[in-house]
Number of protein chains: 4
Amino acid sequence: MQIGLIGLGKMGGNMRERIRRAGHTVVGYDRNPDVSDVGTLNELVERLEGPRVVWVMVPAGAPTQSVINELAGLLSAGDTVVDGGNSRWSDDEKHAKELGIKGIGFVDAGVSGGVWGLENGYALMVGGDKEHVERLQPIFDALKPEGPYGYVHAGKVGSGHFSKMVHNGIEYAMMQAYAEGWELLEKVDSVENVREVFRSWQEGTVIRSWLLDLAVNALDEDEHLEKLRGFAEDSGEGRWTVEAAIGHAVPLPAITASLFARFASRQDDSPQMKMIAALRNQFGGHAVESAEE
Amino acid sequence: MQIGLIGLGKMGGNMRERIRRAGHTVVGYDRNPDVSDVGTLNELVERLEGPRVVWVMVPAGAPTQSVINELAGLLSAGDTVVDGGNSRWSDDEKHAKELGIKGIGFVDAGVSGGVWGLENGYALMVGGDKEHVERLQPIFDALKPEGPYGYVHAGKVGSGHFSKMVHNGIEYAMMQAYAEGWELLEKVDSVENVREVFRSWQEGTVIRSWLLDLAVNALDEDEHLEKLRGFAEDSGEGRWTVEAAIGHAVPLPAITASLFARFASRQDDSPQMKMIAALRNQFGGHAVESAEE
Amino acid sequence: MQIGLIGLGKMGGNMRERIRRAGHTVVGYDRNPDVSDVGTLNELVERLEGPRVVWVMVPAGAPTQSVINELAGLLSAGDTVVDGGNSRWSDDEKHAKELGIKGIGFVDAGVSGGVWGLENGYALMVGGDKEHVERLQPIFDALKPEGPYGYVHAGKVGSGHFSKMVHNGIEYAMMQAYAEGWELLEKVDSVENVREVFRSWQEGTVIRSWLLDLAVNALDEDEHLEKLRGFAEDSGEGRWTVEAAIGHAVPLPAITASLFARFASRQDDSPQMKMIAALRNQFGGHAVESAEE
Amino acid sequence: MQIGLIGLGKMGGNMRERIRRAGHTVVGYDRNPDVSDVGTLNELVERLEGPRVVWVMVPAGAPTQSVINELAGLLSAGDTVVDGGNSRWSDDEKHAKELGIKGIGFVDAGVSGGVWGLENGYALMVGGDKEHVERLQPIFDALKPEGPYGYVHAGKVGSGHFSKMVHNGIEYAMMQAYAEGWELLEKVDSVENVREVFRSWQEGTVIRSWLLDLAVNALDEDEHLEKLRGFAEDSGEGRWTVEAAIGHAVPLPAITASLFARFASRQDDSPQMKMIAALRNQFGGHAVESAEE
């Protein structure tokens, strides 16, 4: 089938390639003319036969909103738009309404896979009405990994991004779990081969996982991670997960601890710990003693 | 080779079977005569040719200490004892010394695998002197999973149990990660197929793992886990992990949060939340209003 | 001076009384005619001489928005509106703009004091332009406690509610601190007089505070808090504090832990702990053993 | 009455002074001859009439154990020893037994007050048998603050130090609460006078406390705490509080978060966050993009 694909960065570019390998026609657009198949969004729309399907793969927030706005003007009733970017789930219903007024369908798709997706396939979590989702099925089948897993129609509009967001929240806490264990093992004299401990866990243990495999790869490149700073960005989805949990009164202690650890990792000095130091100073005297008080 | 195996419960019994399948001779002892190969520890020791190797697989703490004490009297210089139970790492050095006085070697082995171990193999994390560990290698090879992983000589005496303990700490936080994500997904109306979302994650995602596969199994048996109480025991190793972290001044927020969630799950009512309720009552008036104050 | 006061619930009613005791004229309006001085908002506005000052003391969200909308229609340029309710700080700028279009000033005031405020005074955290805040000064002086503290012009519009929100976040964690300590003391056999330990802390310790005094009051009424359920509502400001922290990438582990403890206290059974139980079941066998695996 | 006092550091020296001001006789011993009243422990014991009372005020652990050992040799049946240092509660029962064999009584006393104690009095939490505690009452009365609070006989041997330890755990979380709130307020543009917000909270709020007063003092000296590093030691009692909680399966999320924040504050770089960075690198490609994956 035919599909328009807007946004040909690292993710979008590889997805175009994977869809084409499956035998479909992709008309790609990117602001960067070096990678773009067409010069304008308008041209992209004209190159597609109706009912058209257009996949949006641009950064969440303003860039996605801007493309949705343009598509609302260019597309026709019966066409379908997929937002495959990292949009906040709460944007999806808004976008569905804006397009729905013109009779244009909307599907949200959380996409996981990173640099491994081109070869291994992309896990897809999809939200939207059945009729819109079904239209996209050949594309989803092209993108997803082989085998029975890696694709789900999670529910209504927004559920795709929501599921992907929760996936990322889980990912934060799993990464934190391995990281905490690694730091503790590195601190203990009796454990002489932390890297080999991690490697051994890849079979027969309860904690074997793809992330563990990646940890072993990382330790093979740099056994004590001496080349790295303990500094971690967060991409927004961890924050949204905690916000969603707060909205639903769900306690999320491990995921939130993982998010906060990232926040702290980015501070040169911790203002809150300055206040702790100041308070200890106040009640302990200027030459703070070894005793708390 | 020959090995004595003390403790033939669910773990020990299956381990005897797996070692025998690999062609070794196992003399097993258990207080339960129905499963025991010999009537007494003394008989077990006499059935083995020197230098003897005896694997202890009994509950941590007093039962293990008691067996170590008995073996110290029964074994001879040049023999080797392996503690494969869930002993606290800090017991290992003590046991190594007690046996070392008599010239008996000591190896500690953290064993992972549960009910899956008989068929899939047991992951082994081993601590001790090279000469003692090497003597056991054929047994370790019999127990471990096939393939390159699942076995490590982690370091000195204690490092095997320490590594296994950290493994369990990581496991706590990974389980908590999936559990938090699952609860949040279940709370949101737009996500109609939480079980299928979990199932889809088994391929192409960052969070695919054996624990995720188990979660899908559990949801296939009971989609909304309605048959279960939200009640989780802890086996001691999570506690020890946090204690070890405190001893080394390592922050362990996600693992500790996971441990505390288990503690809270076992309380019929929370004393600390009674105090919170009491305080709100005190400053808000007896008919507590919707406003905090 | 003259002031209109909208919302005569437990907080608003007492505030009217305290302002009157200071010699000012208060025209109060409430939907409940038994406590209201006037029949309609319109009448309230007509009873005040210009430039008018109207204090809004109704629940946050829709009720406050509705009153603001009405006042925008009834008031005139040069009048001033104070929102003293528990509004989210992010609403303040919106309200300031809506009123500002008509030349009406806006001040946000976080008010603390609860049932104790009538006699002891209300702590006030105020945000807004200097000219609007100054007009209100006699009212702020009437409401605040005697002495040098209890009042601050925190900054721009929104800063009053933001400061009050952070106050409540701190309050959550302080209450949690005492509650955790109390539960631990109650668990230990050697400590025979937990209530008296708390009482003793009221002087000479680092942790003496008004909340501690309230805790002692509560324990005097019910030494082991047996009449209470461990169940705590949250009023929104704790949630907003965490949301604000997430927005600014500030780690807030203690305050967030306190919020999550309240969430958990309201669950009859914990879905996430069901998942933990399910996972332990899966890898431990149906008759879960004492060992983790 | 007469009392021997061993350890005349900042705490012990001021306590000697306060006891003397109350009209009692103190024979003080310190290794530092400049502050010591006697040359040896032996001389101290000889200077006291029986039944003797000796207060030990030296660092917890080995120093305290060493003094207890010496006193066991020097004192007689009917004498009483008080350990007023920061000993771990679990040492108390051991010390009580060691002394009890000789008929010497033992009392443990948690002492709070820091540099403010000389003038304001020291809060005392005392554990031990009634007969031993009563003998000390005049000294406790001399040390404690005036008024009805500041002293408690908490229960059996160990309960004094346990109560003081929990006091410190609560203190950790209260300090963390203010510190988190302060950092958040400092981050927000609309709040222009964070120090004045803190100052205003000293009256009429739910969170007024002595620690808040100290925070205001600190901000008066250095409004944005620019002269301090965000670096906080911990004195052991926070760690013991968490260990005790783990032993009793009590969840302690806020206190533990506060302890972990201190641990993290002392790390130049965070090993665990290196692992997070490494994992993100592995699945995101070497030029990590803004998107999580």
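Output the number of the condition that residue D:223 fails; it satisfies all remaining conditions of (1) more than 7 Å from every other protein chain (Cβ to nearest Cβ); (2) closer than 30 Å to residue A:223 by Cβ.
(2)
Check off (1) touching a helix residue (DSSP H, G or I) at 6+ places or on another chain (Cβ under 6 Å); (2) part of a helix (DSSP H, G or I); (3) away from chain B (no Cβ under 13 Å) for residue A:274 and give me the number that stays unchecked.
Against the list (1) touching a helix residue (DSSP H, G or I) at 6+ places or on another chain (Cβ under 6 Å); (2) part of a helix (DSSP H, G or I); (3) away from chain B (no Cβ under 13 Å), residue A:274 comes up short only on (1).
How many of the residues in region A:115-134 are surrounded by fewer than 23 Cβ atoms within 10 Å (Cβ to Cβ), β-branched (Val, Ile, Thr) and over 10 Å from residue A:14 (Cβ atoms)?
So the count comes out to 1.
Can you list residue pairs whose Cβ atoms sit under 6 Å apart, with the first residue in region B:26-41 being in a strand (DSSP E or B) and the second being open to solvent by 50 Å² or more (accessible area, probe 1.4 Å)? Count only pairs 6 or more apart in sequence or on different chains.
Listed by first residue and then by second, the contacts come to B:26/B:20; B:27/B:37; B:27/B:47; B:28/B:37.
To keep it simple, each residue is scored yes or no on (1) surrounded by 24 or more Cβ atoms within 10 Å (Cβ to Cβ); (2) at pLDDT 95 or above.
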residue	(1), (2)
D:207	yes, yes
D:216	no, yes
D:223	no, yes
D:238	yes, yes
D:256	yes, yes
D:265	no, yes
D:274	yes, yes
D:289	no, no
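State the number of residues belonging to region D:154-182 that are surrounded by 24 or more Cβ atoms within 10 Å (Cβ to Cβ), within 7 Å of chain C (Cβ to nearest Cβ) and out of contact with any His (no Cβ under 9 Å at 6 or more places or on another chain).
Selection size over region D:154-182: 16.
Residues being of a type in the set (Gly, Ala, Ser) and either within 17 Å of the chain's Cα centre (by Cα) or not assigned by TED's automatic domain parsing to the domain that holds residue D:265 (or both): count how many of those fall in region D:199-239.
Adding up the residues that qualify gives 4.
If I go through region C:119-134 residue by residue, how many of them are more than 25 Å from residue D:188 (Cβ to Cβ) and modelled with pLDDT of 95 or more?
1
Kindly indicate which of C:107, C:152, C:126, C:133 is out of contact with any helix residue (DSSP H, G or I) (no Cβ under 6 Å at 6 or more places or on another chain) and either on the phi < 0 side of the Ramachandran plot or of a type outside the set (S, T, N, Q) (or both).
Of the residues listed, the single one that is out of contact with any helix residue (DSSP H, G or I) (no Cβ under 6 Å at 6 or more places or on another chain) and either on the phi < 0 side of the Ramachandran plot or of a type outside the set (S, T, N, Q) (or both) is C:133.
Would you please list the contacts, defined by Cβ atoms under 8 Å and residues six or more apart or on different chains, that run from a residue in region D:205-217 that is facing chain C (nearest Cβ under 9 Å) to a residue that is of a type in the set (Val, Ile, Thr) and assigned to a helix (DSSP H, G or I)?
Taking only residues 6 or more apart or on different chains, the pairs are D:207/C:170.
Out of C:197, C:242, I need the residue that is more than 27 Å from residue A:251 (Cβ to Cβ), open to solvent by less than 10 Å² (accessible area, probe 1.4 Å) and either among the aliphatic types (A, V, I, L, M) or more than 7 Å from chain D (Cβ to nearest Cβ) (or both). Which one?
From the options C:197, C:242, the qualifying one is C:197.
So residue D:79 passes all but one of these: (1) over 21 Å from residue D:131 (Cα atoms); (2) at pLDDT 95 or above. Which condition number does it fail?
Failed condition: (1).
Please count how many residues of region C:41-75 are open to solvent by 50 Å² or more (accessible area, probe 1.4 Å) and among the polar types (S, T, N, Q).
The number of residues fulfilling the criteria is 3.
Those residues that are facing another protein chain (nearest Cβ under 7 Å) and touching a residue at least 60 places away in the same chain (Cβ under 8 Å), I need them from region D:226-239; list them, please.
Across region D:226-239, the qualifying residues are D:235, D:237.
Which condition number does residue A:96 fail, the rest of (1) within 26 Å of residue A:43 (Cβ to Cβ); (2) within 14 Å of chain B (Cβ to nearest Cβ); (3) open to solvent by less than 10 Å² (accessible area, probe 1.4 Å) being met?
(3)
Among the residues of region D:181-205, which ones are touching a Ser or Thr at 6+ places or on another chain (Cβ under 9 Å) and in a helix (DSSP H, G or I)?
Passing the criteria: D:181, D:183, D:184, D:185, D:194, D:197, D:200.
Return only the number of the condition from (1) modelled with pLDDT of 95 or more; (2) more than 7 Å from every other protein chain (Cβ to nearest Cβ); (3) within 30 Å of residue B:161 (Cα to Cα) that residue B:189 does not satisfy.
(3)
The values are calculated or read from the model by the stated rules, or taken from the named source; none is laboratory data. Just so it is clear, the structure is predicted and the values come from calculations on it, not from any experiment. Quick reminder, even Gly has a Cβ in these numbers, built from the backbone with ideal geometry, and neighbours come from all protein chains shown. Ligands, DNA and RNA are excluded from the accessible area calculation, which covers all protein heavy atoms including side chains. Shrake-Rupley method; radii C 1.70, N 1.55, O 1.52, S 1.80 Å.
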